[in-house]
Structures are given as C-alpha cells and as structure tokens.
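Before any comments, here is the structure.
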Amino acid sequence: MFRFKQFTIRQDRCPMKVGTDGVLLGAWTGIRPTDRRLLDVGTGTGLIALMLAQRAPWARITGVDIADTSQARENADASPWGARLTFAHCAVQDFDPGERFDLIVSNPPFFDASLVCPDPGRTTARHGVTLPFEALCDAVVRLLGPSGRFAVVVPCSEVARLLRAAWGRLAVVRRTEVHTTPRHAARRTLLELLPTAAAAGISPTYDELFVGTGQPESYTAEYQALTRDFYLKF
C-alpha cells in the first residue's frame, strides 16, 4: 500500500508497483481547462489516472490496460473521485470508446531488446512485447483529438525509438530530461507531443529536472514543488 495526501494506492495484485516514473508523469503533464476527456494508457494501479483526477476536478478520466484493472477500480472507488474514473480491461489497440480525448498519458512498457523477465505480469508491464511504440503511437493518433496532447515518460535510451514511431504524426512540443542528482546523467525523459498539424509554428521547450540534491534523502526544491500535492513527505 502506498499513501498519498489525498488517495491511497493498493498494489498487491498489480505486477508493477508505484514508482517515480508514474508520479513524475502524473505531476508534470500539462492540463488545460479545456481538457475534459483524459486517457491513461497502461493504467496499472490507476496511479496516474488518480493524479489527473485530483489535478483536474472538471475532467473525466479513463484508464485502459491489457492487465486486470480491478485493483485500479478499487483504488478509484476508495478515492474522492471514483465517479469520474472508468477503466477498460483490454489492449489499447482494441480500445474503441466512440470518442476522442483531449489528453492521453502513458508510462508505457519500454524495454525492447533487454532480457524478458520470467514473471509474465512484469514482462507485459515493462517490455514492449504487447505494446511496441509503433502500436502505442497508432493508438494515440486514433484516439487523440485534433488539438489534443500526448504525454509520456521513457528512458533516455528509448527516446529515439519512440520518436521514430511518432515521426510524421506526432511532434514534440515539450521535453524534460530527468536526473536523479546533478552529478548523474539524465535517466528518464518526459515528452509532450501534439499532432503534427497542431504543432506547426510551436517552438518546442526543453529543460531539465533534478530529483535529488546528492545528499541522502534530500530532494531539490523543484522536485518538491512539482510533487508536493501528492507525496506525504513534502
């Protein structure tokens, strides 16, 4: 169990547990007042969907996952926002809600060439076996509204592969390189993309985020500011 300020995540039935990647994406993603329909691809425990529900009290959020979504439903029902959250247990490639979304977020499976874990649940969650980047981008293009945005977190080593899959269809408008400390190279990249037609004329922004100061249990002011609405320790 992982407690946040306004909700609790139970995760005993989910192969992938609460981690920094999901919290970063849920806190970093830009949400506009006009974003009414939000989609979390690979919702898992429902963490990011719940973070979006907390940040956007006007929005409806859907979580989709190829794995069982019953624990995400349980976490949503125990939160203040359960009525605004729905979940679909299916591959996003087969997901057809009959509407388009203003914002799509994903903390996707990303290890393509690495050794596959013997735990099939963790393999599905962490490896691009069931959701390669090409299929993810196909789904985003199909489900995203004309001016909608797609936010995603991937390891720095996987950015080029994701951008190749998105080429000609989605364009980066915001990029943040995430470092564990100032002394370490970036390990994760946060990306926000728009359909190429909507991105025309927009100059992309680039910045860096440092999580820790380098001292034990010491976090940077920028990381605390980003996540303080969620973490109990801040």
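The values are calculated or read from the model by the stated rules, or taken from the named source; none is laboratory data. Model, not experiment: these values are computed from the prediction. Note: ideal-geometry Cβ built from the backbone for every residue, glycine included; neighbour counts use all protein chains shown. Accessible surface areas use protein heavy atoms only, side chains included; no ligands, DNA or RNA. Shrake-Rupley method; radii C 1.70, N 1.55, O 1.52, S 1.80 Å.
Listed values, structure above:
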| read-out | value |
| --- | --- |
| Within the stretch 169-184, tally of residues that are more than 18 Å from Ser218 (Cα to Cα) and either open to solvent by less than 10 Å² (accessible area, probe 1.4 Å) or without any contact (Cβ under 8 Å) to a residue 40 or more places away in the chain (or both) | 8 |
| Single match in Asp94, Asp77 (criterion: open to solvent by 10 Å² or more (accessible area, probe 1.4 Å) and within 27 Å of Leu232 (Cβ to Cβ)) | Asp77 |
| Those helices (runs of 4 or more DSSP H) lying entirely in the stretch 114-182 with at least 2 residues at pLDDT 95 or above and either out of contact with any strand residue (DSSP E or B) (no Cβ under 8 Å at 6 or more places or on another chain) or at negative phi (or both) | 133-143, 159-166 |
| The stretch 60-85, residues that are under 16 Å from Arg3 (Cβ atoms) and among the aliphatic types (A, V, I, L, M) | Ala76, Ala78 |
| Hits in the stretch 185-234 - residues which are assigned to a helix (DSSP H, G or I), touching a residue at least 40 places away in the same chain (Cβ under 8 Å) and open to solvent by less than 20 Å² (accessible area, probe 1.4 Å) | Thr227 |
